[in-house]
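All remarks here apply to the structure that follows.
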């Protein structure tokens, strides 16, 4: 049985130890390999990069291949925050951009984002003078045992007073489902 040492040559075949490649003398690694016959060990186990039952020279077992592409390790543990089995209610995270008016909060579903935007379009028709220059946004809120809701926000974000003004104007027109929140 012949054991090859080194990277594959042209045509995919590895030159045998001590052979020269066309166009040049043997590399220092090949001269060393020609001087001493390679020791071959049977490599087995799941942590090996070689397949089960494959034979590799002992010199290659501990050395990384010279030009092998780095492949991500599948068994490398990744740091992941532990999931709490019962998530506590949490308000949406604030971006620090200011305050916005919340016009509605609908239970999360496959269509709840579209439902909330449809509700904004309807409200914009009814309360055009107040909402005509406002931009809608949908924000997810986890309310614990109540579930996850999608909130219809209107902006742009601004001061607490400007968000409060939007809610006060809507309440004066008869819409009482408005409150403010940090955005």
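What follows draws every value from the coordinates through simple rules; no lab data is involved. If you're wondering where the values come from, they're calculated on a predicted model, not measured in any experiment. We place every Cβ from the backbone using ideal geometry, glycine too, and count neighbours over all the protein chains shown.
Okay, here's what the table says:
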read-out	value
Projected area averaged over orientations for region 99-182, convex hull of C-alpha atoms, nm²	5.2 nm²
Virtual paramagnetic centre 7 Å along Cα→Cβ of residue 109, amide N under 14 Å, in region 138-159	148-150
